[in-house]
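Here's the structure, in structure tokens; my notes come after.
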Amino acid sequence: MAAPAPAPPAGARRPWYGQLYLWVVTAIAAGVLTGWLWPSVGTALEPLGTTFLAAIRMLIAPIVFLTVVGGIGGVDSLGRVGRVGLKSLLYFQAGTLAALLVGLIAVNVFRPGAGVHADPGDLHLTGAAGQYVKEGQDQGWWHFLTDLVPSSAVGAFAEGDTLRVLFFSVLFGVALKAVGPVGEPLVDGVHRLTAVVFKVLHHVMLAAPVGAFGAMAFTIGKYGVSTLTGLGRLVGLMYGASAFFVIVVLGAVTAALRVNVFRLLRYLREEFVLVLGTSSSESALPRLMAKLEGLGIRRDIVGLTVPTGYSFNLDGSSLYLSLAAVYIAQATDTPLGVGRQLGLLAVMLLTSKGSGGVTGAGFVALAATLSTVDAVPAAGIMLVFGVDKFMSECRALTNLAGNGVATLVIARWENALDTARVDEVLRGRAPGSERDHGGGTGPAQPCPDRHCRASTHTR
């Protein structure tokens with residue numbers, strides 16, 4: 001049985017020019033300038049961003065499968081797995097409700113759509129927006145249940161659907177645990193294979209600056225900074241409300257856990273920068289899981305909470321839903337009283353689920369909501385379509401923060417959160433901190449030994 005590799009010295013730190021987040025930030029700035037000064041060049045660089053995202057998504061399904069199966073295989077009872085899953089879903093629903101309320105209150109207080117006076121009859125659904133609305137109209141509130149079970153195990157991995165992969169992974173992990181000693185060699189193999197896959201991820205992440213440069217150059221080159229001027233109030237409100245949600249709402253949650261939210265955000269800064277550059281929270285999913293294990297959180301909790309949260313705990317997307325729906329009503333002079341807004345909120349509690357990883361997920365969920373309640377003209381989506389790309393970064397950043405905090409909450413709920421250790425790691429004083437990952441150029445490496453799988457870095 002292979003022994004776990006020793007942790008690097010606590011004082012080891014890469015030089016400033018070797019920090020991944022610095023290179024990604026530089027690439028984002030270069031992408032903005034390229035798209036602004038040479039729009040045609042920026043638009044042509046789209047393949048750089050899409051190829052990098054494809055490489056990351058290529059690894060998400062196997063990482064989710066291996067982490068979930070390895071986590072379940074390492075627990076002492078299957079009852080704990082069910083308990084963690086149930087607690088996660090309960091917290092996710094509470095988080096979604098809080099995010100929806102923040103968006104609802106913000107849009108009613110600041111009223112960014114007042115004075116637009118758009119005529120719904122003059123709005124026509126065209127291009128990608130029309131396709132998103134069609135998908136939303138065909139999508140019932142129960143879609144996250146009907147889409148849960150894959151038509152085949154191989155198909156779930158081929159399609160890269162995180163929710164379906166998670167469903168199959170849980171079933172496989174439970175079965176592996178249920179067979180007892182017969183499955184132990186497979187559990188050991190899963191942990192060894194996990195180490196290999198994370199090493200592949202480490203090499204893929206070296207291309208992150210290139211991917212961020214291409215994605216940002218394309219966004220600015222295609223949509224232009226000038227697109228923000230017409231709907232600047234809406235975009236500003238989205239970012240302001242999201243910042244309030246993360247710092248105040250999630251900050252209150254972490255404070256109750258005796259964790260400093262600003263230190264947590266700093267600990268995850270490389271993941272935030274990566275999400276900002278790629279406009280996709282999926283790009284940081286594997287690294288987020290590794291970083292949370294680095295805080296000493298059990299692998300089964302991380303493996304169940306984070307992938308599930310990417311489909312059921314979309315705080316940023318939920319905030320956007322309530323904000324955008326009421327904005328459209330304000331802009332089209334559609335009466336929307338308190339009762340109707342609460343009705344919208346109730347529907348959004350369902351339509352906001354299960355859309356993680358879907359292209360145009362925000363628009364699909366918004367269209368599904370508006371078509372369900374029929375209180376706001378669905379064609380009004382065209383009013384926000386032009387700046388949706390700029391708000392998608394905000395949604396993804398907030399989703400990432402929400403899932404990081406959710407994992408801490410579930411760990412505390414399970415009496416498995418060592419706040420003293422978490423504080424030490426966040427301060428950079430303990431193994432598992434960013435300092436011990438070589439300056440953050442790669443994720444934490446999982447322990448290949450089944451005897452140390454409860455915590456990746458606790459040796």
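Quick check on my link table: of 199/222; 353/389; 222/353; 87/177, which ones sit more than 26 Å apart, alpha carbon to alpha carbon? Violating the 26 Å Cα-Cα cut-off are 199/222; 222/353. Only residues of segment 61-101 count here: report those whose backbone N is under 19 Å from the spot 7 Å along Cα→Cβ of residue 178, or say none. It comes to 68-86, nothing else. Cβ-Cβ distance of residue 420 and residue 33, R₀ of 35 Å, FRET efficiency by 1/(1 + (r/R0)^6): the value works out to about 0.20.
Could you order 40, 242, 151 so the one with the most accessible surface comes first? Probe is 1.4 Å.
Working: 40 90, 242 5, 151 115 Å².
Sorted descending by solvent-accessible area, the residues read 151, 40, 242.
Extension gain for residue 90-residue 152 works out to 19.5 nm (0.36 nm per residue, less the C-alpha to C-alpha distance). Applying the Karplus relation 6.51 cos²θ - 1.76 cosθ + 1.60 with θ = phi - 60° to segment 332-345 yields 3J(HN,Hα) values of 9, 6, 8, x, 9, x, 4, x, 5, 5, 5, x, 4, 4 Hz, where x marks Gly and Pro.
The values are calculated or read from the model by the stated rules, or taken from the named source; none is laboratory data. This is a predicted model, so every value here is computed, not measured. As a convention, Cβ positions derive from the backbone with ideal geometry for all residues, glycine included, and neighbour counts pool all protein chains shown. In case anyone asks, the SASA skips ligands and DNA or RNA and just uses the protein heavy atoms, side chains included. Shrake-Rupley method; radii C 1.70, N 1.55, O 1.52, S 1.80 Å.
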